[in-house]
Amino acid sequence: MIDLYGMSSPNVLKVVLMLEEVELPYHIRHMNMVAGDQYKAEFQAVNPNGRVPAIIDQDGPGGEPFALFESGAILLYLAEKTGKFWPADLRQRHTVFQWLMFQMGGIGPMSGQFVHFTRAAPAAGNEYARNRYYTEIHRLYGVLDRRLGEAAYMAGDDYSIADMATWPWARNHEMLKLDDYAEYPNLARWVAAINERPAAQRMIKTESEIRVDDGKAFQNATPDDLDRFFARGKYARVLA
Ligand SMILES: N[C@@H](CCC(=O)N[C@@H](CS)C(=O)NCC(=O)O)C(=O)O
């Protein structure tokens with residue numbers, strides 16, 4: 001059994017999708033991130049970075065529990081553990097790693113900052129940041145669209161953990177203001193193809209269940225909880 005600590009965010013949904021693909025049993029331990037569950041000692045022992053996802057594989061290497069954080073590391077672990085989505089060919093395997101890192105270092109953090117500046121930051125005074133991240137995510141989704149114009153999936157002919165890492169972000173065209181993929185037909189084709197996968201459909205069902213708990217968490221949040229969650233107000237460092 002794998003304990004998955006998380007909420008209904010794309011970085012967590014990557015892991016849900018992979019667990020559904022490889023059909024490993026898992027249990028979601030919902031984290032109320034606005035109430036500060038991530039600062040509790042119990043969770044900090046699992047992830048000192050205080051972010052989700054994190055897992056504890058109760059049946060880890062040597063039959064002992066194994067804790068892991070960072071969604072990319074978790075996907076790699078699950079692929080190697082199961083031998084699924086783990087290409088035997090070295091070139092192919094590292095092509096998968098390359099596109100996984102493209103997601104981890106580019107698509108994920110840049111999309112996350114864009115969403116922060118369009119949803120959680122005041123509009124006034126933040127035009128520069130909003131335009132900067134909008135420009136950068138268009139550049140990145142443009143790279144992805146060109147890649148998907150030459151290959152069925154990110155790493156080539158086969159669906160891989162790079163796709164699983166990227167799809168939970170890229171499918172949110174409204175949140176990312178990608179204008180229904182008007183500029184990105186290959187991206188649109190790939191988003192739709194993965195959407196058809198039974199594991200993706202199961203992930204979507206699980207997402208809606210986690211969203212109920214997230215909804216309650218946000219409903220019960222005080223303005224101070226929200227400031228802490230978004231690292232703003234008195235929780236922001238002010239650069240002299
Ligand atoms: N690079 C990390 C990013 C994790 C991350 O930022 N998670 C967000 C949710 S998607 C989070 O935990 N936010 C809570 C917070 O900022 O306190 C990964 O891919 O696992």
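Read-outs throughout are calculated quantities, based only on the coordinates presented, and are distinct from any laboratory measurement. Because the structure is a prediction, the values reported are computed rather than measured. For neighbour counting, all protein chains shown are included, and Cβ atoms are generated from backbone atoms with ideal geometry for every residue, glycine included.
Could you go through segment 187-198 in sequence order and give the Karplus-derived ³J(HN,Hα) for each residue, using 6.51 cos²θ - 1.76 cosθ + 1.60 with θ = phi - 60°, rounded to whole Hz, and x for Gly and Pro?
Rounded to whole hertz, the list is 4, 4, 4, 5, 4, 5, 5, 5, 4, 6, 5, x.
For segment 156-177 and segment 114-137, compute the distance between their C-alpha centroids and round to whole Å.
Using only Cα atoms to place each centre, the spacing works out to 22 Å.
Report the charge-dipole magnitude of segment 106-240 in Debye, nearest 20, computed about the Cα centre from +1 at each Lys and Arg Cβ and -1 at each Asp and Glu Cβ.
Around 400 debye, computed over segment 106-240.
Would you work out which of 160, 122, 134 lies farthest towards the positive end of the dipole of segment 115-163, given +1 charges on the beta-carbon of Lys and Arg and -1 on that of Asp and Glu, about the Cα centre?
122
Mind checking the full-extension length gain between residue 139 and residue 216? Use 0.36 nm per residue of separation minus the Cα-Cα distance, one decimal, nm.
Going from the current span to full extension adds 24.2 nm.
Could you calculate the contour length gain from residue 201 to residue 230, that is, 0.36 nm times the residue separation minus the distance between their Cα atoms, to one decimal place in nm?
Here the segment from residue 201 to residue 230 would lengthen by 7.4 nm.
With a ≥ b ≥ c the root eigenvalues of the C-alpha gyration tensor of segment 92-162, is it rounded (a/c under 1.5), prolate (a/b larger than b/c) or oblate?
Prolate, since a/c reaches 1.5 and a/b exceeds b/c.
How long are the three semi-axes of the equivalent ellipsoid for the chain, computed from the Cα gyration tensor as the root of 5 times each eigenvalue, in whole Å, largest first?
28, 25, 16
How big is segment 1-86 on each of its three principal axes, counting only the C-alpha atoms and giving the largest first in Å?
Taking the Cα atoms of segment 1-86, the three principal extents are 37, 27, 19 Å.
Just how large is the dipole of the chain about the Cα centre, in debye to the nearest 20, putting +1 at every Lys and Arg Cβ and -1 at every Asp and Glu Cβ?
Here the chain has a charge dipole of around 640 debye.
Okay, helix-only estimate at 222 nm for the chain: each DSSP H run of n ≥ 4 adds -39500 (n - 2.57), divide by all residues, round to 500 deg cm²/dmol; what do you get?
My calculation for the chain gives -17000 deg cm²/dmol from helical runs alone.
Considering only DSSP beta bridges where both residues belong to the chain, give the percentage that are antiparallel (nearest 5).
65
Here is the link list: 177/205; 40/81; 14/177; 177/234; 81/177; 81/205. Which ones come out longer than 27 Å on Cα distance?
Correct reply: 40/81; 177/234; 81/177.
Determine which aspartates and glutamates satisfy two conditions relative to residue 84: a Cα distance under 19 Å, and not lying fewer than 8 residues away in the same chain.
Result set, ordered by chain and number: 20, 21, 23, 57, 59, 157, 158, 163.
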